Each structure stands twice: as C-alpha cells, then as structure tokens.
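Take a look at the structure below.
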C-alpha cells in the first residue's frame, strides 16, 4: 500500500528506553527518514539515535524545558523536507493506520493514552492527544502549532483532512514508577518562561499517590485499541 516517502521529526531528552521502540516503529511502518532534535540528553539517547541511522541535531535550552523553543522547532523543522509526507511527533507518540491516504493533505487522528509496555494495545481515548502530526509539506505554508503543540492553525494551498482517523498511541504510561520519575524530572527542569505562561505546570507537585490514582482510573476505562 505504501508508495510514498516520509520524513519523521521528533524532540528528545533522555529517552534511551523509548527510542529503540520509536525508531523501530517508524522505520517498519513508514520506512521513514528520522531526524531527532536532542536537548543535550545525559543518557544514551545520542548513541541510540546515531547507531540506528537517524539524523541527530542538538539544541540547547540551558537544561530547562522551554516550550517556546520546542514550539519553534516543530513549526519550522519540516519546511525543507522533500518527502511526500512529514510526521512531527514526540518520542512517546506512535502513529499507525491502514487506509489509503493518497487523496488527502493532512491526516486526522484519534489519540489514546496506552497503558503498559511499548507493545501494549490497552488504552483510553484522549481528545487532547488527537493531534495533527502528519501532513504533506508541499501543500502547507505553515502548520501553526500552538503552545503545547496539541492543536494547530494551518495555512495550506489545499487542506483536505482524512475521512478516516489514524491512531496516535501515546506510550507514556509504561508503569507508575516510569511516569513518576519522568514527571519529577520535568518538574526540576521547568523554565521561568514555562512557569510564566503556565506551560507544563501540571508536572509540578506530582506525588506517587497521584500517579497511582491516575493509573487506577486509566485501567478502569481502558479498551483494546
């Protein structure tokens, strides 16, 4: 079915656990050329990216989470792509679909928070994760992601969304300890810019009890995806 080329762009900080699964997914599903913007990771992220034949680009933010820089990268990274399609995602976001996309210019998605390991098919629908991450670069002047990059206001020569929805699987909820550790690391790196604008402040004050309760609620609602 696939007769198109795909460039994938992603942003990374200390993702040595998820990166091998991410790279495998996009190479197997899309035969994609993958470019990773790395925020000076301190784990093996750089080695994993390069060992797997991906393009590696460093960007700095003084070891802080800066959503303004993150937003700029996502809005600009695809503009020189010569591929038929671009996919712009985070390392824990896995796109998949099984329908013909030849008549469309942007793919609509249904987002799910997946619970369990990287191969889990158990998840909960999350409208916030139903993001526009795949589009034809030759048809777009701007993608126009807004803060957080969950929504966009595109400018396009032709804007034709897919009638069917791809799945966008958010593989964040690996385990309670995994989520708690991630959130504490995010909290420690929140920049003054983020705090000023309220970006990522939901990472502040996270406790193990909060995370356990979140997993409990997700497990109650989970379906086979």
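Looking only at region 123-158, which residues are within 24 Å of residue 100 (Cβ to Cβ) and assigned to a loop (DSSP other than H, G, I, E, B)?
Matches in region 123-158: 130, 131, 132, 133, 136, 143, 154, 157, 158.
Applying the selection to region 1-26, what residues are assigned to a helix (DSSP H, G or I) and either more than 17 Å from residue 81 (Cα to Cα) or not assigned by TED's automatic domain parsing to the domain that holds residue 97 (or both)?
Hits for region 1-26 are 19, 20, 21, 22, 23, 24, 25.
Would you mind telling me which numbered condition in (1) under 26 Å from residue 219 (Cβ atoms); (2) in contact (Cβ under 8 Å) with a residue 40 or more places away in the chain; (3) not in a loop (DSSP other than H, G, I, E, B) residue 87 fails?
(1) is the only condition that residue 87 fails.
Go through region 110-139 and report how many residues are farther than 23 Å from residue 67 by Cα and buried (at least 20 other Cβ atoms within 10 Å of the Cβ).
Number of matching residues: 5.
When residue 3 is evaluated against the numbered criteria (1) closer than 28 Å to residue 138 by Cβ; (2) at pLDDT 95 or above, which criterion, by number, is the only one it fails?
Every condition holds for residue 3 apart from (2).
Counting only residues that are more than 29 Å from residue 215 (Cβ to Cβ) and more than 15 Å from the chain's Cα centre (by Cα), how many does region 108-142 have?
7
Tell me which residues, restricted to region 27-65, are assigned to a loop (DSSP other than H, G, I, E, B) and closer than 20 Å to residue 131 by Cα.
32
Out of 219, 163, 189, I need the residue that is more than 20 Å from residue 89 (Cα to Cα), outside the structural domain of residue 91 (by TED's automatic domain parsing) and modelled with pLDDT of 95 or more. Which one? Give the steps one after another, and end with the answer.
Numbers: 163 fails: outside the structural domain of residue 91 (by TED's automatic domain parsing); 189 fails: modelled with pLDDT of 95 or more.
Among 219, 163, 189, only 219 is more than 20 Å from residue 89 (Cα to Cα), outside the structural domain of residue 91 (by TED's automatic domain parsing) and modelled with pLDDT of 95 or more.
Kindly list, by first and then second residue, each pair from a residue in region 143-160 that is surrounded by fewer than 13 Cβ atoms within 10 Å (Cβ to Cβ) to a residue that is modelled with pLDDT under 95, limited to pairs with Cβ atoms under 8 Å and residues at least 6 apart or on different chains.
What qualifies is 146/71; 153/146.
Residue by residue, here is whether (1) touching a residue at least 40 places away in the same chain (Cβ under 8 Å); (2) surrounded by 15 or more Cβ atoms within 10 Å (Cβ to Cβ) holds:
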{"position": "7", "(1), (2)": "yes, yes"}
{"position": "16", "(1), (2)": "no, yes"}
{"position": "30", "(1), (2)": "yes, yes"}
{"position": "38", "(1), (2)": "no, yes"}
{"position": "54", "(1), (2)": "no, yes"}
{"position": "60", "(1), (2)": "no, no"}
{"position": "66", "(1), (2)": "yes, yes"}
{"position": "72", "(1), (2)": "no, no"}
{"position": "92", "(1), (2)": "yes, yes"}
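The values are calculated or read from the model by the stated rules, or taken from the named source; none is laboratory data. Remember, it's a predicted structure, so these values are computed and weren't measured experimentally. Here the Cβ is made from the backbone with ideal geometry for all residues, glycine too, and neighbour counts use every protein chain on show.
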